[in-house]
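J.: First, the structure itself, so that you have it in front of you.
Readers should treat all values here as calculations from the given coordinates under stated rules, not as data from a laboratory. All of these numbers come straight from a predicted model, not from anything done at the bench. Because the Cβ atoms are built from the backbone with ideal geometry, glycine has one as well, and the counts that use them run over all protein chains shown.
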Amino acid sequence: MAKPETPKTAITPTRAQDYAEWYQQVVRAADLAENSPVRGCMVIKPWGYAIWENIQRELDTMFKETGHKNAYFPLLIPKSFLEKEAAHVDGFAKECAVVTHHRLVAGPNGGLIPDPKAELEEPLIIRPTSETIIGAAFASWVQSYRDLPLLINQWANVMRWELRTRLFLRTAEFLWQEGHTAHSTEAEAREETMKMLGVYTTFAEEYMATPVIYGPKTAAERFPGAVDTFCIEAMMQDRKALQDGTSHFLGQNFSRASGIEFQTKEETRELAWTTSWGVSTRLIGSLIMTHSDDDGLVLPPRLAPAHVVLLPVFRGDESKPAVMEYINALAKELRQQRFGERRVEVEIDARDLRGGDKQWEWIKKGIPLRVEVGPRDVEANAVMVARRDRGPKEKAAMPRADFVGSIVSILNDMQSGMFQKALAYRNEHTKPIDDKREFDAFFTPKSKVEDKAEIHGGFALSHWCGDPTCEAHVKDSLKVTIRCVPQGGYAGAPWADRVEEQGACVVCGKSSPQRVVFAKSY
RNA sequence: CGGGGCGUAGCGCAGUCUGGUAGCGCACCUGGUUCGGGACCAGGGGGUCGGAGGUUCGAAUCCUCUCGCCCCGACCA
C-alpha cells in the first residue's frame, strides 16, 4: 500500500497557508520548546536552550569587551520601588505578578491556602524589569563622580503577566539580559545608549544573519520612564516587524526616583544619567521567523547548537565497526577546526532509526550540515554532504579531506547566504509610499477571508509630521505602528537614499523631515 | 480582559446533536522482509475522554462551574 499523500513539506501548514500555525509547528518539530503546565510559561528544551546559550555567550563577550560587568539582583521587588517612577508604574502595573504571603496552610477543603496570618506587610512584585531594584543598589554604590560610569549587566528571568502568549515571542516568564549603566554626564549616557544599540545591530547582522533597521522610537512606543528609546527592527517572513532589541536613554528619571546622586569635581551634587538595554529569548522567535522554511528550522551556523550531524549508514552489521571508526575519526578531525570563537560542533547520530526519518529529523531541527557515511564512503575515503540551505534531497559526494578542509568556509558561506537572503527579502518588501490610498492598500490583505489573511504589506517608508494624532490614526485604522525613525541599517538598499528626503505626512500632509518605518508588528 | 474556536493515547483526529461503558491514522514496542533512506507484513503496549460538581440504572456524550490552549482585538521584549 503506497502512502496516500506524502507531504511535499515537512511542516504543515506551510508559511503561505497559515503563518501563525506554521510557526508553532516549527517550534515543535525542531524540538525547541513546549508549553508548560504553568500558564503562559514555556519549557525550553535542550535544542532551544542551546541556541539561547550561544546567544548568551556571544553577547556576553561583546558586553565585556565594551567594559560591562555581570551582576545579579533580586527576583522580587518591593511594590514601593515600582511606584517611584510614575511613567514606569503606568507601563508595568497591569502585568505584574504579586507575592503577598510567605506561608501556606491547609485549607478548609483540603489543599493549601496562603496563611492569612502570613500576609506580607508590603507586597513583592516579581520583576517585570529591574530598573528600580538596580537603581536602589546604584544609589548606594555611587557617591562620587569617581564611581562613574557604572556599567552593569544582568542575565535573568523576568515576568510580565501577558494576556496572550506565544512560545518565545511572548511568554509570561522569559529569559533576557538587562544592561544598566549610570554616568556622570548626559552626553556619556547617550553615547552608551547608542554604543549598545550598535552592539545589538552587530549581533543581529553577524550572528543572527538578520538585517535590522535601527533608530529611535516615537514617544508613543517609548519604554515607560525612558527619555528616548532606540530599537533594532527586523522583518519576519510574514513581513511583520519584530523588535529584536532596545536601548534606552533614561535621562535622570530613574536616578531621581532611586536617588542615584554623586558629588562632582566641583563639589556640587548631581543626579546620575542612566541607561538600560536588553534582548530576550524572543530573539529565538525572531530567528525562526526570519530564516525557517516549510521543512522546518533553519539556523545561522554561528548560533546553531551543532554545525554538522554525522549519520552512519550500515549495510548489515558487519560494516558497522568500520563505519563507526571512520565517523569517530572524522568527528575528531572536524572538532579540531574552529568556526568563529567556537570549535566546529559535531553530533553523531548512530541511533537505530531508518535513514530517512533521521534525515528529516535533522532537517526539521535546522542543523546546517548533514553528512552521511556508509561503507562506500569508507572505501573511497569520502563523505556525502547535504546543506540545510539547499533542497532536502540535494547532496554531494566530497573527498573526506576536502570536507574537513572546507567545512569552515562552507559554514561561513551559509551564514552570509542567509544574511543576504534575509536582506533581499526585507529590501524587496520595504517601499517608500507617499500616497495615503497606496499606504492603506499596502497594509490591507486582498483575500476576503477574515481570519486567514494572506501575507501582505511590509515596511512602508512614509512621511510623518511628528504629530501623535496621525500616528494614532494609522494604528487605529490599520493596526500599523511606527517601528522606528530609521538612522541606519539599510545602506545599499534600493530605497536607501529616499529615507532622509523631506516630504509631506502620509496622514495629514504637513511637512516631514524624513521618512519613518511603518509596519504591522509582533 | 472582550469576541470566536478547541481540550478524547506522544501527535493529528472521529465519536458528543440522537447517553449504553472508547476508536482510527501516525508515533512507540516485538518478530520478519527491506533500507544510501521519510518502507512493508504480522503481532503488541498505551487513554480516570482537561478538572470539579450535578442529572441518570448508566455520562466522552446532557446541565453547572472551573482550568488551559489556539485565532482575532486591546496591552506588550
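J.: Assuming a ≥ b ≥ c are the square roots of the Cα gyration tensor eigenvalues, decide whether chain A counts as rounded (a/c under 1.5), prolate (otherwise, with a/b larger than b/c) or oblate.
T.: Numbers: a/c = 1.70, a/b = 1.42, b/c = 1.20.
Prolate, because a/c is 1.5 or more and a/b exceeds b/c.
J.: A further question on this structure: List A:LEU283, A:LEU82 from most exposed to least, where exposure is judged by having the fewest other Cβ atoms within 10 Å. Can you show the working numbers first?
T.: Numbers: A:LEU283 26, A:LEU82 22.
Ranked by crowding around the Cβ, least crowded first: A:LEU82, A:LEU283.
J.: Using only Cα atoms, locate the centre of region A:74-122 and the centre of region A:411-486, then give the distance between them in Å, rounded to an integer.
T.: Answer, in whole Å: 41.
J.: Can you tell me the order of A:10-20, A:236-246 when each peptide is scored by its average per-residue count of other Cβ atoms within 10 angstrom, highest first?
T.: A:236-246, A:10-20
J.: To continue, here is another question. Going by alpha carbons, how many degrees (0 to 90, nearest 10) lie between the helix axis of A:355-365 and the longest principal axis of chain A?
T.: Result, in degrees: 20.
J.: Another one. Arrange the following residues from fewest to most other Cβ atoms within 10 Å of their Cβ: A:GLU345, A:GLU186, A:GLU266.
T.: A:GLU266, A:GLU186, A:GLU345
J.: Can you tell me the FRET efficiency between A:GLU325 and A:THR264 if r is taken as the Cβ-Cβ distance and R0 is 60 Å, rounded to the nearest 0.05?
T.: 0.30
J.: If r is the Cβ-Cβ distance from A:VAL99 to A:ASN70 and R0 is 22 Å, what FRET efficiency results, to the nearest 0.05?
T.: Values: r = 25 Å, r/R0 = 1.16.
The calculated FRET efficiency here is 0.30.
J.: To continue, here is another question. Got the relative contact order for region A:308-406 handy, in percent, Cα pairs under 8 Å and 6 or more residues apart? Write out the running numbers ahead of the final one.
T.: Values: 139 pairs, mean separation 30.2, N = 99.
Answer for region A:308-406 is 31 percent.
J.: Here's a follow-up. Under the rule a/c < 1.5 gives rounded, and otherwise a/b versus b/c splits prolate from oblate, where does region A:19-291 land using the Cα gyration tensor?
T.: Judged from the Cα gyration tensor, region A:19-291 comes out oblate (a/c at least 1.5, b/c at or above a/b).
J.: Distance between Cα centroids, region A:329-385 to region A:207-257: provide it in whole Å.
T.: A separation of 40 Å, based on Cα centres.
J.: Amide H of A:ALA382 versus every other amide H placed in the peptide plane: which residues, excluding those fewer than 5 positions away on the same chain, fall under 5 Å?
T.: Correct list: A:ARG400.
J.: Give a residue-ordered list of calculated ³J(HN,Hα) values for region A:466-479 (Karplus: 6.51 cos²θ - 1.76 cosθ + 1.60, θ = phi - 60°; whole Hz; x for Gly, Pro).
T.: In residue order, the calculated couplings are x, 7, x, 5, 5, 4, 5, 4, 5, 5, 5, 7, 10, 6 Hz.
J.: For region A:19-291, what's the relative contact order in percent, using C-alpha pairs closer than 8 Å and at least 6 residues apart?
T.: This gives 20 percent for region A:19-291.
J.: How long, wide and thick is region A:101-186, going by the Cα atoms along their three principal axes, in whole angstroms, largest first?
T.: Computed over region A:101-186, the largest-to-smallest principal extents equal 60, 35, 17 Å.
J.: Let me ask another. As a footprinting exposure proxy, order A:MET196, A:MET398 by other Cβ within 10 Å, with the fewest listed first.
T.: Exposure proxy ranking, most exposed first: A:MET398, A:MET196.
J.: What residues of region A:457-499 lie in the reach of a label at A:ALA219, counting those whose backbone N is under 15 Å from a point 7 Å from the Cα along Cα→Cβ?
T.: Only A:465-473 fall inside the zone, counting backbone N under 15 Å.
J.: A further question on this structure: Assuming 0.36 nm per residue, please report the length gained on full extension of the stretch A:HIS456 to A:THR185 beyond their Cα-Cα distance.
T.: Here the answer is 93.0 nm.
J.: Assigning unit charges at the beta carbon (Lys, Arg +1; Asp, Glu -1) and nothing else, what dipole magnitude in debye, to the nearest 20, does region A:430-519 show about its Cα centre? Before the final figure, lay out the partial values.
T.: On the way: 12 positive and 13 negative charges, 30 e Å.
For region A:430-519, the charge dipole is close to 140 debye.
J.: OK, next. Treat every Asp and Glu Cβ in chain A as -1 and every Lys and Arg Cβ as +1, leave all other atoms uncharged, and give the resulting dipole magnitude about the Cα centre to the nearest 20 debye. Each step should come with its number before you reach the end.
T.: On the way: 66 positive and 72 negative charges, 204 e Å.
Magnitude of the dipole: close to 980 debye.
J.: Counting alpha carbon pairs within less than 8 Å and at least 6 residues apart, what relative contact order, in whole percent, applies to chain A?
T.: 14
J.: Among bridges DSSP assigns within chain A, what percent are antiparallel (round to 5)?
T.: 80
J.: Once you place label points 7 Å from the Cα toward the Cβ at A:VAL43 and A:GLU394, how far apart are they in nm?
T.: Simple spin-label model gives 3.7 nm for this pair.
J.: I want to make sure I understand the PRE zone here: with the label point 7 angstrom from the Cα of A:GLU341 toward its beta carbon, which residues in region A:59-82 have backbone N atoms less than 18 Å away?
T.: Residues passing the 18 Å test: A:59-71.
J.: Give the shape of region A:430-519 as rounded, prolate or oblate, defined through the alpha-carbon gyration tensor: a ≥ b ≥ c are the square roots of its eigenvalues, a/c under 1.5 means rounded, and otherwise the shape is prolate if a/b is larger than b/c and oblate if not.
T.: Verdict is oblate for region A:430-519.
J.: Run lengths n ≥ 4 of DSSP H only: what is the helix-derived mean residue ellipticity at 222 nm for chain A, with -39500 (n - 2.57) per run over all residues, to the nearest 500? Please report the intermediate quantities before stating the final value.
T.: Numbers: 14 runs with 170 residues, N = 522.
Taking each H run of at least 4 residues, the total per residue is -10000 deg cm²/dmol.
J.: In Å and from the alpha-carbon atoms only, list the Rg and Dmax of region A:273-336.
T.: 19.5, 71
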